[in-house]
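Okay, structure first, notes after.
The values are calculated or read from the model by the stated rules, or taken from the named source; none is laboratory data. The structure displayed is predicted, hence computed values, not measured ones. No Cβ is skipped: glycine too gets one built from the backbone with ideal geometry, and neighbour counts run over all protein chains shown. Just the protein is used for accessible areas: all its heavy atoms, side chains included, with ligands, DNA and RNA removed. Shrake-Rupley method; radii C 1.70, N 1.55, O 1.52, S 1.80 Å.
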Amino acid sequence: MDFSLTPEQTALVESVTKLAQREFGERAFTRTEFAWDSLKVLAEHDLTGLTLPVELGGQGASLLDAVLVMMAITKVCPHSADALQASNFGAIRQVANFGSDYVKAEVLPRFLAGDALVTAGMSEPEAGSALTDLRTTARIEGDHVVLNGQKCWNSHGPDATHSVVWCRFGPSSRDIGAVLVPFDSPGFSRGKREYHMSGESHCQLYFDECKVPKEYVLADSGALKKMLSVFGVERMGNASRALALAEKAYDMAVEHASTRTQFGKNLCEFQGLQWKFADMKVELDAAKMLLLRAVAGADAGTPDSNEAAIAKLHANRTAFAVANEAMQVFGASGYSQEFPLEYIVRRTRGWMIAGGSVEILKNTIAQSIFGRRFDQRAGAVAR
């Protein structure tokens, strides 16, 4: 398989890199809030909804094109890349794929224009990776759907305007559905802003007889099967950002080792460091090949779930390992908050949990290997 970029893709990467350096470079690695201004810039330059159909307001680009754009922007400003993720790879895909005609006509354009922000409301205090254990409920009453429950660990929860809330319309796992909830809905409230190790913020989302028009229901049953079909796209955004930040850390370390002098010679002349860089390069190249394999055949659709799991798993582990080694190369200056390396280490660590933890990914891969489903519940029998 040929992984070389076409002239058009090379030009795309170059133009997006220049845009990012011009528009986002000055505030790169200094932000603490969601980059609304970056989201508007992305929208103005047709970089939102890249893989969505043109008839929905998207650009009709391939998933590979979107990944290339993601990596280019991440290397310049990871917080602006968060805005790209939200407007291309995240819950917006669930809205675009499963939203009603009303939602696609009236709400989706606001996300694509950078005027609104949607987050995924999946995790709960007692249901993280075990989505079938979620307790948030929904019931249809006339022209509305009424929700009760709470969500946690949502990306950009304090700043979002909407959430795709996964909920139960009945007692069975087959009754799990999803509703797009505007945050100005009656009965909705947010908890206090809290922070992850990376500096990203999150908050609890509460639904107390929260009433939403019935047109906002994305699925009233079978959501696990329907919604997870596009989850591979979000994982590719995660893997792309992780890999791009690792490459950023690696490039910084190469430059440092080439110019920093100790004991009368450059750091790169010490064999111990040469081997570190050789190992980092091999793992980075392997991660990139696995990522490209996963997205190359997907076009504007969804990647193979097993290939997506393999790519995200290796990209996540490689990113953290490479960022950590790069920080070691820099020594004390790499550990200082005056330089971006320590942030890259913290940020890449989070992606080993978000969007499918490395342990869950291993389960997915194992199921593909053995051609059978392994239920992780106590007392369950594999089938």
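Could you state how much accessible area Tyr102 has, in square angstrom rounded to the nearest 10, with a 1.4 Å probe and all protein chains kept in place?
For Tyr102, the solvent-accessible surface is approximately 110 Å².
For the chain, build the charge dipole from Cβ charges (+1 Lys, Arg; -1 Asp, Glu) around the Cα centre, then report which of Val145, Val13, Leu273 sits farthest towards its positive end.
So the residue furthest toward the plus end is Leu273.
Starting from the Cα of Lys214, draw a straight line to each of the aspartates and glutamates and keep only those under 13 Å, dropping any in the same chain fewer than 8 residues away.
Straight-distance partners of Lys214: Asp101, Glu141, Asp143.
For the Cα atoms of the chain, what angle does the longest principal axis make with the long axis of helix 271-296, in degrees from 0 to 90, nearest 10?
30 degrees
Using the alpha-carbon atoms, what tilt in degrees (0 to 90, nearest 10) does helix 7-23 show relative to the longest principal axis of the chain?
Here the helix axis deviates by roughly 90 degrees.
Can you run phi through the Karplus equation (6.51, -1.76, 1.60; θ = phi - 60°) for region 153-158 and list ³J(HN,Hα) in whole Hz, with x for Gly and Pro?
Along region 153-158, the couplings run 6, 7, 5, 6, x, x Hz.
Out of these labelled values of semi-axes √(5λ) of the Cα gyration tensor in Å, [x] 33, 23, 19; [y] 40, 35, 18; [z] 36, 23, 20, which was calculated from the coordinates shown here?
The listed entry that was calculated here is [z].
Report, by chain and number, residues whose modeled amide H sits under 5 Å from the one on Leu5, excluding near sequence neighbours (fewer than 5 apart, same chain).
Those lying under 5 Å, H to H, from Leu5: there are none.
Based on the mean of other Cβ atoms within 10 Å per residue, sort peptides 118-125, 260-267 so the most packed one is first. Each step should come with its number before you reach the end.
Numbers: 118-125: 22.9, 260-267: 11.4.
Top to bottom by mean Cβ count within 10 Å: 118-125, 260-267.
Which number comes out as Rg/Rh for region 305-383 once both Rg and the Kirkwood Rh are worked out on C-alpha atoms? It would help to have the intermediate numbers written out before the result.
On the way: Rg = 16.9 Å, Rh = 14.3 Å.
Checking Rg against Rh, the ratio lands at 1.18.
Strictly over 31 Å apart at the Cα level, which of Lys225/Lys288; Lys18/Lys226; Lys104/Lys151; Lys18/Lys192; Lys225/Lys248 would you flag in this model?
Details: Lys225/Lys288 28 Å; Lys18/Lys226 38 Å; Lys104/Lys151 24 Å; Lys18/Lys192 37 Å; Lys225/Lys248 36 Å.
Pairs exceeding 31 Å: Lys18/Lys226; Lys18/Lys192; Lys225/Lys248.
Taking only protein heavy atoms and a 1.4 Å probe, what accessible area per residue, in Å², does the chain have with all protein chains in place? Numbers along the way, then the final one.
Working: 17390 Å² over 383 residues.
Heavy-atom accessible area per residue stands at 45 Å².
Ala219's amide H: which non-local residues (gap 5+, or another chain) put their own amide H closer than 5 Å, with H modeled 1.01 Å from N in plane and none for Pro or chain starts?
Ala178
Does region 1-77 come out rounded, prolate or oblate, given a ≥ b ≥ c as the square roots of the eigenvalues of its C-alpha gyration tensor, rounded meaning a/c under 1.5 and, failing that, prolate meaning a/b above b/c? Write down the numbers at each step before the final one.
On the way: a/c = 2.25, a/b = 1.32, b/c = 1.70.
The shape class here is oblate.
Over region 251-311, with every protein chain in place, what whole percent of the accessible area is carbon and sulfur at 1.4 Å, could you tell me?
Details: 1770 of 3380 Å².
About 52 percent, which is the carbon plus sulfur part of the accessible surface.
What number results when the radius of gyration of region 167-246, computed over Cα atoms, is divided by 2.2 N^0.38 Å?
On the way: Rg = 16.1 Å, N = 80, 2.2 N^0.38 = 11.6 Å.
Region 167-246 yields a ratio of 1.38.
Take every Cα pair under 8 Å in the chain that's 6+ residues apart, average their separations, divide by the length, and report that relative contact order as a whole percent. It would help to have the intermediate numbers written out before the result.
Values: 680 pairs, mean separation 55.7, N = 383.
So the answer I get is 15 percent.
If I compute solvent accessible area with a 1.4 Å probe over the protein chains, what percent of it on region 1-146 is carbon and sulfur?
On the way: 3070 of 6170 Å².
On region 1-146, the fraction of accessible area on carbon and sulfur atoms equals 50 percent.
What is region 263-383's relative contact order, in percent, from Cα pairs under 8 angstrom and six or more apart in sequence? Can you show the working numbers first?
Numbers: 92 pairs, mean separation 23.2, N = 121.
Once normalised by length, the contact order is 19 percent.
Would you mind working out the magnitude of the charge dipole of region 38-157 relative to its Cα centre, with +1 at each Lys and Arg C-beta and -1 at each Asp and Glu C-beta, to the nearest 20 Debye?
On the way: 8 positive and 13 negative charges, 48 e Å.
Dipole of region 38-157, to the nearest 20 debye: 240 debye.
In percent, how large is the relative contact order of region 214-300, given Cα pairs closer than 8 Å and 6 or more residues apart?
Values: 24 pairs, mean separation 24.1, N = 87.
Relative contact order of region 214-300: 28 percent.
Accessible area of Ser129, 1.4 Å probe, to the nearest 10 Å²?
Accessible area, nearest 10 Å²: 80 Å².
Rounded to the nearest 20 Debye, what is the dipole magnitude of the chain about its Cα centre when Lys and Arg each give +1 and Asp and Glu each give -1 at the C-beta?
Values: 40 positive and 45 negative charges, 205 e Å.
So the dipole magnitude of the chain works out to roughly 980 debye.
Mind pulling the angle between the C-alpha long axis of helix 305-330 and the longest principal axis of the chain? Nearest 10 degrees, somewhere in 0 to 90.
Roughly 40 degrees, rounded to the nearest 10.
Can you bin every Cα-Cα distance in region 121-175 into 5 Å intervals starting at zero and give me the percent of pairs per bin, rounded to whole numbers?
So the P(r) values, bin by bin, are 4, 19, 27, 24, 16, 8, 2.
Which whole-angstrom value gives the distance between the alpha carbon centres of region 174-243 and region 138-162?
7 Å
Compute the convex hull volume of the Cα atoms of region 46-176, divide it by the residue count, and report the result per residue in Å³ as a whole number.
Numbers: hull volume 16.8 nm³, N = 131.
Dividing the Cα hull volume of region 46-176 by its residues yields 128 Å³.
Exactly which trypsin sites (Lys or Arg not before Pro) in region 150-232 are in a DSSP loop and have at most 10 other Cβ atoms within 10 Å? Numbers along the way, then the final one.
On the way: sites: Lys151, Arg168, Arg174, Arg190, Lys192, Arg193, Lys211, Lys214, Lys225, Lys226; in loops: Lys192, Arg193.
Loop-located and lightly packed - Lys192.
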